[in-house]
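J.: The following block contains the structure, expressed as C-alpha cells.
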Amino acid sequence: ADKVVFGTNWKAQAAHGGFYQAIADGTYAKAGLDVTIRPGGPQVNNRPLLPAGRIDFLMTGNLLHSFDNVKNGVPVVVVAAMFQKDPQALFSHPGAYRTFAELNTAPVAWIAKDAQFSWWAWLKAEHGFRDEQLRPYAYNLGPFLANKRSIQQGYAVEEPISIRSQGGFEPQTWLLADHGYSTYSTTIEARVETVQKNPALVKRFVEASIIGWVNYLHGDRSKADALIRRDNPDMPQATIDASAALMKQLGIVDSGDAQTLGIGAMRPERIADFHAKMLRAGLYKPGEVDLSKVATTAFVNQGVGVALARQLGAGR
Amino acid sequence: MTPPLLALHQVDKRFAGGTLALQGLDLAIARGSFTSLLGSSGCGKSTLLRLLAGLETPTAGRVERADDAVGNTGFVFQQPTLMPWARVAANVALPLQLQRRRQAEIDTAVAPALAAVGLQDFGNAFPRELSGGMQMRASIARALITRPALLLLDEPFAALDEITRFRLNEDLLALWQRDAFTAVFVTHSVAEAVFLSQRIVVMAPRPGRVSEIIGLDAPYPRHAAFRATPAFAEACIRVSQALLRASDG
Amino acid sequence: MTPPLLALHQVDKRFAGGTLALQGLDLAIARGSFTSLLGSSGCGKSTLLRLLAGLETPTAGRVERADDAVGNTGFVFQQPTLMPWARVAANVALPLQLQRRRQAEIDTAVAPALAAVGLQDFGNAFPRELSGGMQMRASIARALITRPALLLLDEPFAALDEITRFRLNEDLLALWQRDAFTAVFVTHSVAEAVFLSQRIVVMAPRPGRVSEIIGLDAPYPRHAAFRATPAFAEACIRVSQALLRASDG
Amino acid sequence: MAEPAIDHRGRWLTPLLSTLAMLAAWEAAVRWWEIPPYLLPGPLLVARTLFENFGSLLPSWWFTVKITLAALALAVVGGVLLAVLFALSRRAEASLAPLAVVLQVTPIVAIAPLILILVDSTTAALLVCAFIVAFFPIMANTLQGLRSADANLRELLRLYRATRWQTLRYLLVPSALPYFMAGLKIAGGLALIGAVVAEFTAGAAGRETGLASRILEASFRTEIPKMFAALVLVSLTGIGIHLAMQALARRVLGRWHDSERG
Amino acid sequence: MAEPAIDHRGRWLTPLLSTLAMLAAWEAAVRWWEIPPYLLPGPLLVARTLFENFGSLLPSWWFTVKITLAALALAVVGGVLLAVLFALSRRAEASLAPLAVVLQVTPIVAIAPLILILVDSTTAALLVCAFIVAFFPIMANTLQGLRSADANLRELLRLYRATRWQTLRYLLVPSALPYFMAGLKIAGGLALIGAVVAEFTAGAAGRETGLASRILEASFRTEIPKMFAALVLVSLTGIGIHLAMQALARRVLGRWHDSERG
Ligand SMILES: Nc1ncnc2c1ncn2[C@@H]1O[C@H](COP(=O)(O)OP(=O)(O)OP(=O)(O)O)[C@@H](O)[C@H]1O
Ligand SMILES: Nc1ncnc2c1ncn2[C@@H]1O[C@H](COP(=O)(O)OP(=O)(O)OP(=O)(O)O)[C@@H](O)[C@H]1O
Ligand SMILES: [Mg+2]
Ligand SMILES: [Mg+2]
C-alpha cells in the first residue's frame, strides 16, 4: 500500500470524522493506501509541511489559504472541498442581539489571531465591524461567558456544545456562511507535483475520503470515534455525538452541490465569487491570484458516494 | 576602680571546622590603655581581636564590651579589605558616610587622613592600582578617620618599610595621647610592641591562650630616642624570651 | 663570564593610570645568586619582581630572561593568592598538577612541603579557615614544591612571628645551598635582607629606581649565630643608612 | 545581615505557611466575589480536580519532565561549551555571540515549522525548542563567571605556563561556578517553560503528549479547573526544579563561597 | 589568556566578517539546493523584502521596541527590588521565592486570558506578560550577586553598625553589579522575546500592533520572505540590545572588575 501522511489543521474532532472513518473501516486500505493522520493544533502550523514534502495531503480551513498559496507561488492545489459550508460562526449570548447586522455594535469581540488576518477584514468591509471591538480569543470561553454583551468566534459544530455545558445556556449561532462568507471549507490540498505525476494516488485518496465521510455521517461511526479519542484522549464521546449531529443539522458536509455531485464538490464560479468578495474586503489586489491555479475539479464532482448515502438513508 | 572597657572571661572559641582557636581566655582591656598582642602565627590573635570587636561570638565564656566601645570602633584588618569598586578617597571616607556626616565635612576630613599615611596623590586611584603597602595604609587611614574610642589593629604595619613604619608608630602614639582612645595592637615585631605599648600580652598556640602579660612602664611621649635606651633593649629581650617560652610550652 | 639569568636594561614601567612605577632601571641577576630588594612602600619592588617573572611588560627598555628561568619560576606573591575553592593541600599541589606529575608523586611531595611550613595539620582545611600567616605559609609551600630554578619572593615572611620567620629564613638558605636556585627576595626587614643575601638592592621611590647596591660577603652557611656578629650589625647599619639616603634623595 | 539565621524547622515552615496563606486568600477571593469557576477556580476545586485527574495527568507530566530535563542537560552542555569557547577567544565571541543572541530572541512560534521540517521526530523538535529557550542564561552567566576569575590567580597560572585547558580546569571553571549556579536556576525554569511552550507550538499529538496539551485541551473545552490543575503541576515541577538547583548550589559552593555562608 | 587582545578595528571587523560569511553560506545553501522561498528565503530576498516593506514594518517595530524597553525597565525594577528583599531577609525569600518561580514557569499562553480579564488595556496586558518573562533572570542573578558580597567587607560594615539600607547601598549593590549585568544581558533578550510572545497570545490587531502580528500575518498568508524580514528585525533589535548591554557592562565594571579587563 502507498504510505500517505495527511495533516489536519486542528486536534482530532468530529469535523475530521470522515478521514478517521476511512481509516477505521478500511476504506483507505481498500484503495491501497496506508494513511497516517497528523493532527494540527492551536499553535501547530502544519501548512509549511506540505510543500516541504513532509506530508502528502493537507486539510485546510478555507480558500483564503489556497489563494495565498497561489499568490506566493507555493505549488499546491485544492483537490476537494469536504465542507460545502464553512462552520465558522460568531456566537452571542441569547437575546443579546436580534440580527447579524447588530453584532457590529458589540463592545467586545473575541477573535483569534488567524481570523484577524482573514475573514475579520471581510466582516469590517462588508458588515461594519470595527478593530476597536477586537480582543484576542485564545480558545478559552471564560472571557466570553463573563461578558454578556461580548461576541466570539468559533466553530458552529464545536463551541455551542461547550458553551452549553460550561455556561449553561444555548448561544445564538451566527453562521458566517449564511451571511455571504461563501468559501468552501475543510478542503484537501495536494502538491501540484503529486497531482501531475501521480493523479491516481490523489484520486484514490479523495474518493476514499469521500466514502469515509458518507459513512461517518450516515453509517456506524463508532470505530472512527474511537480513533478520534485515541488521538485526542480528552474528547468526550458526547461532544463528538453533538458535533456530528450539528454537522448534519447545519448541512455542513452534505448539502447543495454535494447532494448531486457527491461530497467534496467544487464549482469554479463559487471560488471566483468568493475571491471577488475578498478582493472587495481588501485582502487581495486584482490580478494577484491566478484563480485557475487555486483548485482542480478533476477529482470531484463525479457523484462518488451519492448512491451510498442514499442507501444509508441520508435525507430521511 | 572603673570597670574595663572590654573583658573576656574564660572564653573558648571553636570554629565550625573543629579548630579550637582559643581556650579559657581571660583578659581585661582598661579604658585608654595601649595593649599589644604577640604570638606565633595561627595562635589566635586575629580571632581574639574579632571577639573584642564583636565580630565573633565565643563558643564558651563571656565577652563584655562597655557601651562606649560598641559602634565606635576602628578596625584595621589583617588584609586591606578595601572596596574594589570605590576610589581610595571613597574607601577612606566610608566610615564617615556611614555616620551620615555632611559631604563638606567628609571632604575636609579625607585629605589630611590620606596625607597622614602618604597617600595624598592616590585619592583618585582604585585599590587595585595601589601597592600592597599602600593598600594597608589606606585601610589604616579609614580606621582612624572617625577618631574611634577603641582602635583594633591587626598587623597594620607588617607590609611597610621600616622608615614609614617608625614614622607611623610615632604618629599613632601622638594620636593616642591626643585622643586618649583604647588601642589593641597585633604585631609580630617585638620592638614595635615594646615601643608602643603599656602592656604586652604574649599568647601561646594550640589552643590559643594567654601565656604571659608583660607591663612596660617607660613614660610617654616616647620618641625615636627611646629605641636607643637600655631599658628598650632590655624589654625587647624580656619579651622575646617570653615568646620563646610560649612557643615551647 | 656567563650571561646573567635575568637582566633589565633601562627599563621604564608606566601604568595605564599614569603612575610611573619604574624609570631607567638597570639590573642583572646572576645565576645562583641571592638578591634582596629593599625600598619604601610603593617604590616599585613588586612591579620589578613581576617584570622579572615576565608578568608585566616594560613600557620602555628591555627585559632579558634566560631560557632556563622561563617556566621554571616559583613566585610568592605579596598576597597569599590561594584558590578559595580548593583545600590547602590541593593549593600547594597545584604547580605539580600543572606539570602533569603522577598523583602518587604529588601525594608524596605535598606532605613534607606542608610540614616544612608547619601546616601538616591543615592540608584538609580551606584557605578561608587559615590565619593570615598560615595562608602566606601555604603560598610559600606552593612556590617551593617544584624546586624552581628561579624563586621570586615578595615579602613572604612579613605576616609571620619572629620565631617562625627566623626558622624559615634558615630553611630557605639551606634549600638555596642544596638546590642552587636563583633567589630574588623583597623584604622590609633590613636584618632579614642582611641575614639572607649576597647582594642588597636599595630602591628609591617616585619614580622607582635603583639607589644603591650593597654587596655582603659573609660566608654561607649562615646560622642564627651570624645575627650576633659585629659584621651583621655593621651591615644592618650600612643598609639602613642607604635606605635613609634613598628616601631622602 | 543582622537577622538571625532561620532555624531548621523555620526553613520549611515559613514557605509552607506563606503558601497556605496565599492559597487561603485566593479561595476567599473566589468565594467572596463569587468568581465563576470558568474564570478562576478556587484552590480547593483545583486540588480536587487535580486529585481526580491525577491518573490521566501523570503520564503527561512525566513526558514534560523528560523533555525538560533533557533540554536542561543539553542547555548546560551547549551553554557551557559556548561560554568556554568565548572565554578562551575574544575572536570566537565576536563571531558567534550575534548568532547566540539571534537564537535567544527568535520566537519559537515562528521557527517551529522550520524545525519540524528539518527534524524528523517530534520529540527531537521539542527538545530543540526547549533547548533554544534555556541555553542562553547558562551561556551568558557562565561566560561572565569565566571572565570574573581572579586576576592574581590568572597570573599564577600564566607563570606556570598552564595550557588553556589547564587554566580552564583549575581556575576558570571553579571561578565560574557561582555564576553558573545562578544561570542554572534561571535555566531550570526556562527549560520547563520551554518544554511547555515547545509543545504548544511544535505539538506532539496523539499518545505522547505533555502537560501543554492538557492545558490547551482543558482551556479549549473551558474546563478551567482542569487547566489550573495542569498549571499547578507545572508550577510544582518548577518549584521542585528550583529547590533541587538551590540544594545543588549549596552543595557545590557551600564550603568556600561567600554566597552560601550563614 | 595568552591570546592578544583584538585591536580596535578587529572588534568590529570580526563579527562583521563572520556574519557576512554566515549570510553567504545561507544564500549559497538556498541556491544550491534550490530551496523555494516559501520554505526558506535567501538573505538577499529577505533583505529586499525588508527594504520594500520597511515603511510598513517600522511602526510595528517601534511598537515592539517600546513594549520591550518598558518591560525591561519593569523587570529591572521588579527583579532588583525582589532580590534586595530576599537578600535582606531569608524569611522573605522563603515565603516569596516559590511565587517568583511560579511566575517564571507559568506559560503566558495559559494565563493570558486571565490577564486580559483583569487588565483593561491591551498594551498593559502585553507589558505584564513581557515583564513576567524577563524579570526572573534579573532577580536570580541580582540575588546571587547580593549574596556574593565579600565577607570581610560585610564585617567592616557590621562594625560600623551600618543600617541595612547602608549595607545595601555601599556594599551589596556594587558587589552585585557583575551578576546584575549578566542578568541584564539575559533579560534584554527575554524582554524582547516576551514582548513578541505576549503579542502572539494577548495582542489585539488593529492599528497598535507590533512585529509579532506582522510575523503571524505573514505566516498565515504564506508570505514567508516577509515573515523573515520581520524576524530579521527582531533579531537585529536583539543584537542591538545585547550590544548596548555589553557597552553598559564595560562602562560600569570597566575600571575595577576582573571580567572587563584586557
Ligand atoms: N596595576 C597598577 N595600576 C596602576 N598603578 C600601579 C599598579 N600596580 C602598581 N602601581 C603603582 O606602581 C607603584 C609601585 O607599586 P609596587 O606594587 O611595585 O610597589 P612596592 O614597592 O611593591 O610597594 P609595597 O612595599 O607597598 O608593596 C605604586 O605607586 C603603585 O601605585
Ligand atoms: N573562619 C575560620 N574557620 C576555621 N578556622 C579558623 C577560621 N579563622 C581562623 N581559624 C583558625 O583559628 C586559628 C587562629 O587563627 P587566627 O587568625 O586568630 O590566628 P593569628 O594569631 O591571627 O595568626 P596570624 O599571625 O597568622 O595572622 C588558626 O588555627 C586558624 O586555622
Ligand atoms: Mg592574624
Ligand atoms: Mg609590593
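J.: Only one of C:166, C:226, C:185, C:157 is away from ligand 4 (no atom under 16 Å from the Cβ) and open to solvent by less than 40 Å² (accessible area, probe 1.4 Å); which?
T.: C:226
J.: Go through the range C:159-205 residue by residue and tally those that are away from ligand 2 (no atom under 16 Å from the Cβ), hydrophobic (A, V, I, L, M, F, W, C) and either under 21 Å from residue C:43 (Cα atoms) or touching an Asp or Glu at 6+ places or on another chain (Cβ under 7 Å) (or both).
T.: 13
J.: Let me ask something else. With the structure loaded, tell me whether residue C:138 is buried (at least 19 other Cβ atoms within 10 Å of the Cβ) and more than 16 Å from ligand 1 (Cβ to nearest atom) or whether it fails that test.
T.: Values: buried (at least 19 other Cβ atoms within 10 Å of the Cβ): yes; more than 16 Å from ligand 1 (Cβ to nearest atom): yes.
For residue C:138, the condition - buried (at least 19 other Cβ atoms within 10 Å of the Cβ) and more than 16 Å from ligand 1 (Cβ to nearest atom) - is met.
J.: Of everything in the range B:132-158, what is more than 18 Å from residue B:36 (Cα to Cα), within 16 Å of ligand 2 (Cβ to nearest atom) and free of Cβ contacts under 8 Å to residues at least 60 places away in the same chain? Give them in sequence order. First the steps, then the outcome.
T.: Step one: list which residues in the range B:132-158 are more than 18 Å from residue B:36 (Cα to Cα), which gives B:132-139, B:141-142, B:145-147.
Still in the list and also within 16 Å of ligand 2 (Cβ to nearest atom): B:132, B:136, B:139.
The answer is B:132, and nothing else.
J.: So residue C:98 ticks every box in (1) open to solvent by less than 50 Å² (accessible area, probe 1.4 Å); (2) in the same structural domain as residue C:11 (by TED's automatic domain parsing) but one. Which box is left unticked?
T.: The number of the failed condition is (2).
J.: Select the strands (runs of 3 or more DSSP E) contained entirely in the range C:1-108, then report the ones holding at least 1 residues which are closer than 23 Å to residue C:174 by Cβ and either touching a Lys or Arg at 6+ places or on another chain (Cβ under 6 Å) or within 14 Å of another protein chain (Cβ to nearest Cβ) (or both).
T.: Numbers: elements: C:6-14, C:20-29, C:34-39, C:60-65, C:73-76.
Per the criteria, C:34-39, C:73-76.
J.: Is it the case, given these coordinates, that residue C:74 is in contact (Cβ under 8 Å) with a residue 60 or more places away in the chain and more than 16 Å from ligand 4 (Cβ to nearest atom)? Steps first, please.
T.: Details: in contact (Cβ under 8 Å) with a residue 60 or more places away in the chain: yes; more than 16 Å from ligand 4 (Cβ to nearest atom): yes.
Spelling it out, residue C:74 is indeed in contact (Cβ under 8 Å) with a residue 60 or more places away in the chain and more than 16 Å from ligand 4 (Cβ to nearest atom).
J.: Please verify whether residue B:59 is crowded, with 18+ Cβ neighbours inside 10 Å, β-branched (Val, Ile, Thr), over 15 Å from residue E:159 (Cβ atoms) and in the same structural domain as residue B:196 (by TED's automatic domain parsing), treating the condition exactly as stated. Working first, answer last.
T.: On the way: crowded, with 18+ Cβ neighbours inside 10 Å: no; β-branched (Val, Ile, Thr): yes; over 15 Å from residue E:159 (Cβ atoms): yes; in the same structural domain as residue B:196 (by TED's automatic domain parsing): yes.
Judged against the criteria, residue B:59 is not a match.
J.: Determine if the range C:163-178 includes at least one residue that is within 16 Å of ligand 1 (Cβ to nearest atom), in contact with a Leu (Cβ under 8 Å, 6 or more places away or on another chain) and within 14 Å of another protein chain (Cβ to nearest Cβ). Working first, answer last.
T.: So the first thing to find is which residues in the range C:163-178 are within 16 Å of ligand 1 (Cβ to nearest atom), and the list is none.
No, there is no match, as no residue in the range C:163-178 is within 16 Å of ligand 1 (Cβ to nearest atom), in contact with a Leu (Cβ under 8 Å, 6 or more places away or on another chain) and within 14 Å of another protein chain (Cβ to nearest Cβ).
J.: Given the options C:47, C:108, C:57, name the one that is at pLDDT 90 or above, polar (S, T, N, Q), within 15 Å of ligand 1 (Cβ to nearest atom) and out of contact with any Asp or Glu (no Cβ under 8 Å at 6 or more places or on another chain).
T.: Values: C:47 fails: out of contact with any Asp or Glu (no Cβ under 8 Å at 6 or more places or on another chain); C:108 fails: within 15 Å of ligand 1 (Cβ to nearest atom).
Going through C:47, C:108, C:57 in turn, just one is at pLDDT 90 or above, polar (S, T, N, Q), within 15 Å of ligand 1 (Cβ to nearest atom) and out of contact with any Asp or Glu (no Cβ under 8 Å at 6 or more places or on another chain): C:57.
J.: How about the range B:67-87: which of its residues are away from ligand 3 (no atom under 16 Å from the Cβ) and open to solvent by 20 Å² or more (accessible area, probe 1.4 Å)? Walk me through it before giving the result.
T.: Within the range B:67-87, the first condition is being away from ligand 3 (no atom under 16 Å from the Cβ), and the residues that meet it are B:67-74, B:82-87.
The answer is B:67, B:68, B:70, B:71, B:72, B:82, B:84, B:85, B:87.
J.: Just checking, how many residues over the range E:26-54 are farther than 16 Å from residue E:223 by Cβ, in a helix (DSSP H, G or I) and open to solvent by less than 60 Å² (accessible area, probe 1.4 Å)?
T.: Pass one, the range E:26-54, residues farther than 16 Å from residue E:223 by Cβ: E:26-35, E:43-44.
Filter once more, keeping what is in a helix (DSSP H, G or I): E:26-32, E:43-44.
Now drop any that are not open to solvent by less than 60 Å² (accessible area, probe 1.4 Å), which leaves E:27-30, E:43.
Final tally of qualifying residues: 5.
J.: Go through (1) open to solvent by less than 20 Å² (accessible area, probe 1.4 Å); (2) among the small types (Gly, Ala, Ser); (3) closer than 24 Å to residue A:242 by Cβ and name the single condition residue A:177 misses.
T.: (1)
J.: Out of B:132, B:118, which single residue is within 14 Å of chain C (Cβ to nearest Cβ), within 16 Å of ligand 4 (Cβ to nearest atom), under 28 Å from residue B:222 (Cα atoms) and among the small types (Gly, Ala, Ser)? Show your work before the answer.
T.: Working: B:132 fails: under 28 Å from residue B:222 (Cα atoms).
Result of the check over B:132, B:118: B:118.
Okay, residues lined up against (1) hydrophobic (A, V, I, L, M, F, W, C); (2) within 13 Å of ligand 2 (Cβ to nearest atom); (3) more than 30 Å from residue B:117 (Cβ to Cβ); (4) in contact with a helix residue (DSSP H, G or I) (Cβ under 7 Å, 6 or more places away or on another chain):
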| site | (1), (2), (3), (4) |
| --- | --- |
| B:21 | yes, yes, yes, yes |
| B:31 | no, no, no, no |
| B:38 | yes, yes, no, yes |
| B:68 | no, no, no, no |
| B:71 | no, no, no, no |
| B:74 | no, no, no, yes |
| B:79 | no, yes, no, yes |
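J.: Go through (1) in a helix (DSSP H, G or I); (2) small (Gly, Ala, Ser); (3) open to solvent by less than 10 Å² (accessible area, probe 1.4 Å); (4) touching a residue at least 60 places away in the same chain (Cβ under 8 Å) one by one and return the number of the condition residue C:247 breaks.
T.: (3)
J.: Taking the range B:117-134, which residues are more than 8 Å from ligand 1 (Cβ to nearest atom) and part of a helix (DSSP H, G or I)?
T.: Passing the criteria: only B:127.
J.: Identify, from the list A:220, A:231, the residue that is within 21 Å of the chain's Cα centre (by Cα) and more than 12 Å from residue A:80 (Cβ to Cβ).
T.: Details: A:220 fails: within 21 Å of the chain's Cα centre (by Cα).
Answer to the selection: A:231.
J.: Given the conditions (1) surrounded by 13 or more Cβ atoms within 10 Å (Cβ to Cβ); (2) part of a loop (DSSP other than H, G, I, E, B), and given that residue C:217 satisfies all but one, which numbered condition is not satisfied?
T.: Every listed condition holds for residue C:217 apart from (1).
J.: Now a separate question. Identify, from the list E:124, E:70, E:75, the residue that is surrounded by fewer than 20 Cβ atoms within 10 Å (Cβ to Cβ), among the aliphatic types (A, V, I, L, M) and more than 30 Å from residue D:37 (Cβ to Cβ). Give the derivation first.
T.: Details: E:124 fails: more than 30 Å from residue D:37 (Cβ to Cβ); E:75 fails: surrounded by fewer than 20 Cβ atoms within 10 Å (Cβ to Cβ).
Among E:124, E:70, E:75, only E:70 is surrounded by fewer than 20 Cβ atoms within 10 Å (Cβ to Cβ), among the aliphatic types (A, V, I, L, M) and more than 30 Å from residue D:37 (Cβ to Cβ).
J.: Is it the case, given these coordinates, that residue D:101 is closer than 25 Å to residue E:107 by Cβ, open to solvent by less than 30 Å² (accessible area, probe 1.4 Å) and within 14 Å of chain E (Cβ to nearest Cβ)? It would help to see each step written out before you state the result.
T.: Numbers: closer than 25 Å to residue E:107 by Cβ: yes; open to solvent by less than 30 Å² (accessible area, probe 1.4 Å): yes; within 14 Å of chain E (Cβ to nearest Cβ): yes.
Spelling it out, residue D:101 is indeed closer than 25 Å to residue E:107 by Cβ, open to solvent by less than 30 Å² (accessible area, probe 1.4 Å) and within 14 Å of chain E (Cβ to nearest Cβ).
J.: Next question, about the same structure. Answer yes or no: is there a residue in the range D:130-148 that is farther than 18 Å from residue E:242 by Cα and open to solvent by 30 Å² or more (accessible area, probe 1.4 Å).
T.: The first filter runs over the range D:130-148 and keeps only residues farther than 18 Å from residue E:242 by Cα, leaving D:130-131, D:146, D:148.
Checking the rest, the ones that are also open to solvent by 30 Å² or more (accessible area, probe 1.4 Å) come to D:131.
Yes; the residues of the range D:130-148 include at least one that is farther than 18 Å from residue E:242 by Cα and open to solvent by 30 Å² or more (accessible area, probe 1.4 Å).
J.: Being on the phi < 0 side of the Ramachandran plot, among the small types (Gly, Ala, Ser) and outside any strand (DSSP E or B) is the filter here, so list the residues in the range A:6-29 that pass it. So that I can check it myself, show each step before the final result.
T.: Quick first cut of the range A:6-29, residues on the phi < 0 side of the Ramachandran plot only: A:6-25, A:27-29.
So of that shortlist, the ones also among the small types (Gly, Ala, Ser) come out as A:7, A:12, A:14-15, A:17-18, A:22, A:24, A:29.
Within the range A:6-29, A:12, A:14, A:15, A:17, A:18, A:22, A:24, A:29 meet the criteria.
This table checks each residue for (1) out of contact with any strand residue (DSSP E or B) (no Cβ under 7 Å at 6 or more places or on another chain); (2) among the aliphatic types (A, V, I, L, M); (3) away from ligand 3 (no atom under 16 Å from the Cβ).
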{"residue": "C:103", "(1), (2), (3)": "yes, no, yes"}
{"residue": "C:114", "(1), (2), (3)": "yes, yes, yes"}
{"residue": "C:148", "(1), (2), (3)": "no, no, yes"}
{"residue": "C:152", "(1), (2), (3)": "no, yes, yes"}
{"residue": "C:159", "(1), (2), (3)": "yes, yes, no"}
{"residue": "C:169", "(1), (2), (3)": "yes, no, yes"}
{"residue": "C:174", "(1), (2), (3)": "yes, yes, yes"}
{"residue": "C:181", "(1), (2), (3)": "no, no, yes"}
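J.: I've got another one for you. Can we say residue E:88 is open to solvent by less than 30 Å² (accessible area, probe 1.4 Å) and either more than 9 Å from every other protein chain (Cβ to nearest Cβ) or touching a Leu at 6+ places or on another chain (Cβ under 9 Å) (or both)? Walk me through it before giving the result.
T.: Working: open to solvent by less than 30 Å² (accessible area, probe 1.4 Å): no; either more than 9 Å from every other protein chain (Cβ to nearest Cβ) or touching a Leu at 6+ places or on another chain (Cβ under 9 Å) (or both): yes.
So residue E:88 does not fit the description; no.
J.: With respect to residue E:152, is the statement that it is facing another protein chain (nearest Cβ under 9 Å) and either assigned to a loop (DSSP other than H, G, I, E, B) or farther than 21 Å from residue D:188 by Cα (or both) true? Outline the logic, then answer.
T.: Working: facing another protein chain (nearest Cβ under 9 Å): yes; either assigned to a loop (DSSP other than H, G, I, E, B) or farther than 21 Å from residue D:188 by Cα (or both): yes.
Yes, satisfied.
The values are calculated or read from the model by the stated rules, or taken from the named source; none is laboratory data. All figures in this text were calculated on a predicted structure; none of them were measured in a lab. Cβ atoms come from the backbone with ideal geometry, glycine included; neighbour counts cover every protein chain shown. Side chains are part of the model used for accessible areas, which takes the heavy atoms of the whole protein and leaves out ligands, DNA and RNA. Shrake-Rupley method; radii C 1.70, N 1.55, O 1.52, S 1.80 Å.
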